[in-house]
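K.L.:
Mind having a look at this structure? Questions to follow.
The values are calculated or read from the model by the stated rules, or taken from the named source; none is laboratory data. The shown structure was predicted, so the numbers you read here are calculated from the model rather than taken from an experiment. Note that we place each Cβ from the backbone using ideal geometry, even for glycine, and neighbour counts take in every protein chain shown.
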Amino acid sequence: MCGIVAYIGKKQAYPILIKGLQRLEYRGYDSAGIALSNGHLNIYKKKGKVADLEAFVKDKDVHGHVGIGHTRWATHGKPDDLNAHPHTGSNGRIVLIHNGIIENYAVIKSALAKLGHTFSSETDTEVLAHLIEEVQRRENLPVEEAVRQALTQAHGAYAIVVMDREDPGKLVAARKSSPLLLGIGKDEFLVASDATPIVEYTKKVVYLNDEEIATITLDGQMTVKTLRNEETTPTIHQIELEIEQIEKGGYAHFMLKEIFEQPTTVAECMRGRMNADEGWMRLGGMSEYKMRMLNADRFIILGCGTSWHAGMIAEYLFEELARLPVEVEYASEFRYRHPVVRERDVVLAISQSGETADTFAALELAKEAGALTYGIVNVVGSSIARLTHSGSYIHVGPEIGVASTKAFTGQVTMLTMMALVLGYERGYLPKSQYQKLVQELAQIPSKIDQLLNSCQEKVAYIAGEFKDASNALYLGRGYNFPVALEGALKLKEISYIHAEGYPAAEMKHGPIALIDENMPVFVIATNLSAYDKIVSNIQEVKARKGVVIALVTEGDEVIKRIADHTIEIPATEEPFTPLLSVIPLQLLAYHIALLRGCNVDQPRNLAKSVTVE
Ligand code: G6P
């Protein structure tokens, strides 16, 4: 969602803020703004991209050693200059940037209006700036104490950084349910909503905990207090992120880079966790809770977006390989429908960012109900990773493209490993079959590599053929039904073509009515167990003049004769086919979006990390 970056130290803040905002732009990008303190306070904000802000400030005074910056993804109020952050109170003394939503802002706003406050934007954030100003004014408090007292009245989620015009050598940062970390450099501090703006300057960070308020000063002091006014000792962590990981490395877009990284990232995900030669696997996160997992009554899998699709694949994997009952839930639905969660349930939360608000809240609920909670997360140290009892990081490195690609294959790889371990330990997978599957899984990175090389040209050609389609249908069965959902999601996210994923056989119950010669139908036909059935589904589409683009196992001759286009996928064990079949679909969405002139890495209205409900 929105991105936060702030700087206080010996250097000029502006270049650091702008670079930080560019790095954060993947999180939200409808407007951006900065505030700089230089004896007096300069605030600049602009609708549009960070580049628009940069152009706007070109001839302005951007000096100062203290500053805050924000990229916005609108929640309250349209994207425009006025609603962009930073926001100030009535007299301009308090300046604030904010991620999250202040849920009771309307009540606070009307109380403040009665006291004479007038508001210039439609945002909840501005209300918080006025509230801090009001608290500060009443008792003439230092800014950090005014922030603390004001926050005790605010409900909802926030990560904020506050400046006080009258106390210019100080920044105050606070968080609740929205990530915020402090970078500790030499003679300087940075604050950011994720590590990407920080890593260039320091690897030492403090992850603020919920309801903590940090005060950092130009003379190098840092104090952290809780909302209850207790001082705490922050733990300093070392981040492993490297600067190259958050740059494009010669690729035109982050999405393309991330698609092509998958042979490596899938291998990274397995690294140290399996020995293909000896045919075994070990997942550290599972060891402490193994008995509870092996004897679980059921697994409940929570996620949103692409992570939910990975969870759906896990349902097939866990049921087939480990004979464990699984329910896959949209976190946003699960948390509000009084779900039945028992102590013998294991709840898996899947999240690339580890910050998705709905997944976090659903997980909290499951934990309170006594279930064992386990995270499949990419971002190390993220909120979901810290909330769960245990978990396994997918280790695919930072994913910057808004459309998730390598995180999906990382999640599916991790879930596949879990299913194999559980299946073997529960006695449903005989040792010989287990070893055979482990060995085959180890081949997947090189098969992805082979596939990326072999399908590129064909995919680019197919993209050219269908770039002007208005609708598209994606069909798959079994393990590849969630891949159909994921393929359709990729296309609609970045090319804005309406696309639907469907179980191939369900097509007859509705979508078949849409099929005509203008409708591309992408069929994932790599499951050998349902081969004849999927061939029949393709025939049904062809009989209605639909155009079929089929993903087939290499060497397939039957579907090649019926389909209009085919893309060959290396052969593998059926439970592993999603790890391959999704690759051409990612690439296809990329090429179509490119041909349509869409912004691939920053599609309209979307955000990478959805930290609001
Ligand atoms: C957003 C992103 C998706 C992602 C989803 C869940 O919608 O654009 O790519 O799949 O959030 O995010 P998470 O970080 O929890 O996996």
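K.L.:
Tell me the residue from S120, S110 that is of a type in the set (S, T, N, Q), outside any helix (DSSP H, G or I) and out of contact with any Cys (no Cβ under 9 Å at 6 or more places or on another chain), please. Even if it seems obvious, please write down each step before you answer.
P.N.:
Numbers: S110 fails: outside any helix (DSSP H, G or I).
Just a single option satisfies the conditions, and that option is S120.
K.L.:
State which residue pairs qualify: first residue touching a residue at least 12 places away in the same chain (Cβ under 8 Å) and part of a strand (DSSP E or B) and inside the range 347-364, second residue among the hydroxyl-bearing types (S, T, Y) and within 8 Å of the ligand (Cβ to nearest atom) in any location, beta carbons under 6 Å apart, and separation of 6 or more residues or different chains.
P.N.:
A349/T359; I350/S307; S351/S307; S351/T359
K.L.:
Still on this structure, I have one more. From the list L365, L372, L420, exactly one residue is among the aliphatic types (A, V, I, L, M) and either within 13 Å of the ligand (Cβ to nearest atom) or under 26 Å from E573 (Cβ atoms) (or both). Which is it?
P.N.:
Working: L365 fails: either within 13 Å of the ligand (Cβ to nearest atom) or under 26 Å from E573 (Cβ atoms) (or both); L372 fails: either within 13 Å of the ligand (Cβ to nearest atom) or under 26 Å from E573 (Cβ atoms) (or both).
Among L365, L372, L420, only L420 is among the aliphatic types (A, V, I, L, M) and either within 13 Å of the ligand (Cβ to nearest atom) or under 26 Å from E573 (Cβ atoms) (or both).
K.L.:
Does any residue of the range 373-388 turn out to be among the aliphatic types (A, V, I, L, M), over 29 Å from M274 (Cα atoms) and not in a helix (DSSP H, G or I)?
P.N.:
To start, the set of residues in the range 373-388 that are among the aliphatic types (A, V, I, L, M) comprises 376-377, 379-380, 384-385, 387.
Now drop any that are not over 29 Å from M274 (Cα atoms), which leaves none.
No, that holds for no residue.
One line per residue, one yes/no per condition, for (1) surrounded by fewer than 23 Cβ atoms within 10 Å (Cβ to Cβ); (2) in a strand (DSSP E or B); (3) in contact with a Leu (Cβ under 6 Å, 6 or more places away or on another chain):
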residue	(1), (2), (3)
R175	no, yes, yes
I184	yes, yes, no
V191	no, yes, yes
V199	yes, no, yes
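K.L.:
Among the residues of the range 75-85, is there at least one that is of a type outside the set (D, E) and touching a Cys at 6+ places or on another chain (Cβ under 8 Å)? Reasoning before the result, please.
P.N.:
Kept after step one, since they are of a type outside the set (D, E), are these residues of the range 75-85: 75-79, 82-85.
Subsequent filtering for residues that are touching a Cys at 6+ places or on another chain (Cβ under 8 Å) retains 85.
Yes: one or more hits.
K.L.:
Which residue is nearest to the ligand (Cβ to nearest atom), if the candidates are limited to the range 571-608 and must be in contact with a strand residue (DSSP E or B) (Cβ under 9 Å, 6 or more places away or on another chain) and part of a loop (DSSP other than H, G, I, E, B)?
P.N.:
Here the answer is T572.
K.L.:
In the range 375-397, how many are within 12 Å of the ligand (Cβ to nearest atom) and within 24 Å of Y158 (Cβ to Cβ)? Reasoning before the result, please.
P.N.:
To start, the set of residues in the range 375-397 that are within 12 Å of the ligand (Cβ to nearest atom) comprises 375-379, 382-385, 394, 396.
Still in the list and also within 24 Å of Y158 (Cβ to Cβ): 375, 377-379, 382-385.
Total meeting the criteria: 8.
K.L.:
With the condition kept exactly as written, say whether any residue in the range 431-441 is within 16 Å of the ligand (Cβ to nearest atom), assigned to a helix (DSSP H, G or I), among the basic types (K, R) and out of contact with any strand residue (DSSP E or B) (no Cβ under 6 Å at 6 or more places or on another chain). It would help to see each step written out before you state the result.
P.N.:
Pass one, the range 431-441, residues within 16 Å of the ligand (Cβ to nearest atom): none.
Within the range 431-441, none of the residues are within 16 Å of the ligand (Cβ to nearest atom), assigned to a helix (DSSP H, G or I), among the basic types (K, R) and out of contact with any strand residue (DSSP E or B) (no Cβ under 6 Å at 6 or more places or on another chain).
K.L.:
Within the range 368-381, can you find the residues that are over 19 Å from K290 (Cβ atoms) and in contact (Cβ under 8 Å) with a residue 12 or more places away in the chain? Steps first, answer last, please.
P.N.:
Within the range 368-381, the subset over 19 Å from K290 (Cβ atoms) is 368-369, 377-381.
Listed by number, the residues that qualify are A369, V377, N378, V379, V380, G381.
K.L.:
If you don't mind, there's one more thing I want to ask. Does A157 satisfy being part of a strand (DSSP E or B), buried (at least 20 other Cβ atoms within 10 Å of the Cβ) and at pLDDT below 95? Walk me through how you get there before you give the answer.
P.N.:
On the way: part of a strand (DSSP E or B): yes; buried (at least 20 other Cβ atoms within 10 Å of the Cβ): yes; at pLDDT below 95: yes.
For A157, the condition - part of a strand (DSSP E or B), buried (at least 20 other Cβ atoms within 10 Å of the Cβ) and at pLDDT below 95 - is met.
K.L.:
Something else about it: So which of A357, A371 is in contact with a strand residue (DSSP E or B) (Cβ under 8 Å, 6 or more places away or on another chain), modelled with pLDDT under 95 and buried (at least 17 other Cβ atoms within 10 Å of the Cβ)?
P.N.:
On the way: A371 fails: modelled with pLDDT under 95.
Of A357, A371, the one residue that is in contact with a strand residue (DSSP E or B) (Cβ under 8 Å, 6 or more places away or on another chain), modelled with pLDDT under 95 and buried (at least 17 other Cβ atoms within 10 Å of the Cβ) is A357.
K.L.:
Scan the range 313-342 for residues that are in contact (Cβ under 8 Å) with a residue 12 or more places away in the chain, under 20 Å from R426 (Cβ atoms) and surrounded by fewer than 19 Cβ atoms within 10 Å (Cβ to Cβ) and report the count.
P.N.:
5
K.L.:
Restricting to the range 470-503, what's the tally of residues that are of a type in the set (G, A, S), more than 21 Å from T572 (Cα to Cα), buried (at least 22 other Cβ atoms within 10 Å of the Cβ) and over 22 Å from the mean Cα position of the chain (by Cα)?
P.N.:
Here is the first cut: in the range 470-503, the ones of a type in the set (G, A, S) are 470, 472, 476, 478, 484, 487-488, 495, 499, 501.
Pick out the ones that are also more than 21 Å from T572 (Cα to Cα) and you get 470, 472, 488, 495, 499, 501.
Retained after the next criterion (residues that are buried (at least 22 other Cβ atoms within 10 Å of the Cβ)): 472, 488, 495, 499, 501.
Within this subset, residues satisfying the condition of being over 22 Å from the mean Cα position of the chain (by Cα) are 472.
Qualifying residue count, the range 470-503: 1.
K.L.:
Next up: Out of curiosity, is E355 under 26 Å from I583 (Cα atoms), within 16 Å of the ligand (Cβ to nearest atom), of a type in the set (D, E) and in contact with a Pro (Cβ under 7 Å, 6 or more places away or on another chain)? Walk me through it before giving the result.
P.N.:
Working: under 26 Å from I583 (Cα atoms): yes; within 16 Å of the ligand (Cβ to nearest atom): yes; of a type in the set (D, E): yes; in contact with a Pro (Cβ under 7 Å, 6 or more places away or on another chain): yes.
Taking the combined requirement at face value, the residue satisfies it.
K.L.:
Among the residues of the range 398-416, are any more than 16 Å from the ligand (Cβ to nearest atom), crowded, with 22+ Cβ neighbours inside 10 Å and assigned to a helix (DSSP H, G or I)? Please lay out each step first, then the result.
P.N.:
Looking only at the range 398-416, we keep the residues that are more than 16 Å from the ligand (Cβ to nearest atom), and these are 416.
Now narrow it down to the ones that are crowded, with 22+ Cβ neighbours inside 10 Å: 416.
If we keep only those that are assigned to a helix (DSSP H, G or I) as well, we get 416.
Yes, some residue in the range 398-416 is more than 16 Å from the ligand (Cβ to nearest atom), crowded, with 22+ Cβ neighbours inside 10 Å and assigned to a helix (DSSP H, G or I).
K.L.:
Follow-up. Mind checking which residues of the range 285-303 are under 22 Å from L579 (Cβ atoms) and either away from the ligand (no atom under 16 Å from the Cβ) or surrounded by fewer than 24 Cβ atoms within 10 Å (Cβ to Cβ) (or both)?
P.N.:
First, pick out the residues of the range 285-303 that are under 22 Å from L579 (Cβ atoms): 285-286, 299, 301-303.
Scanning the range 285-303 gives G285, M286, F299.
K.L.:
Moving on. Answer with yes or no whether E568 is within 16 Å of the ligand (Cβ to nearest atom), in contact (Cβ under 8 Å) with a residue 60 or more places away in the chain and acidic (D, E).
P.N.:
Numbers: within 16 Å of the ligand (Cβ to nearest atom): no; in contact (Cβ under 8 Å) with a residue 60 or more places away in the chain: yes; acidic (D, E): yes.
No.
K.L.:
Turning to a different aspect of this structure: Of the residues V328, V340, which single one is away from the ligand (no atom under 11 Å from the Cβ) and either at positive phi or part of a strand (DSSP E or B) (or both)?
P.N.:
Values: V340 fails: either at positive phi or part of a strand (DSSP E or B) (or both).
Just one listed residue meets the conditions, V328.
Quick grid of which residues meet (1) farther than 28 Å from K367 by Cα; (2) surrounded by 17 or more Cβ atoms within 10 Å (Cβ to Cβ):
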site: L241; (1), (2): yes, yes
site: K248; (1), (2): yes, no
site: F260; (1), (2): yes, yes
site: E278; (1), (2): yes, no
site: G305; (1), (2): no, yes
site: W308; (1), (2): no, yes
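K.L.:
Separate question: For the range 65-107, give me each residue that is in a loop (DSSP other than H, G, I, E, B) and over 23 Å from K47 (Cβ atoms). Spell out the reasoning first.
P.N.:
Of all residues in the range 65-107, those in a loop (DSSP other than H, G, I, E, B) come to 65, 73-86, 89-93, 103-104.
Result: H65, S90, N91, R93, E103, N104.
K.L.:
How about the range 283-298: which of its residues are under 18 Å from M414 (Cβ atoms) and without any contact (Cβ under 8 Å) to a residue 24 or more places away in the chain? First the steps, then the outcome.
P.N.:
Residues of the range 283-298 under 18 Å from M414 (Cβ atoms): 283-290, 293-294, 296.
If the condition is that a residue be under 18 Å from M414 (Cβ atoms) and without any contact (Cβ under 8 Å) to a residue 24 or more places away in the chain, then S287 is the only one that fits.
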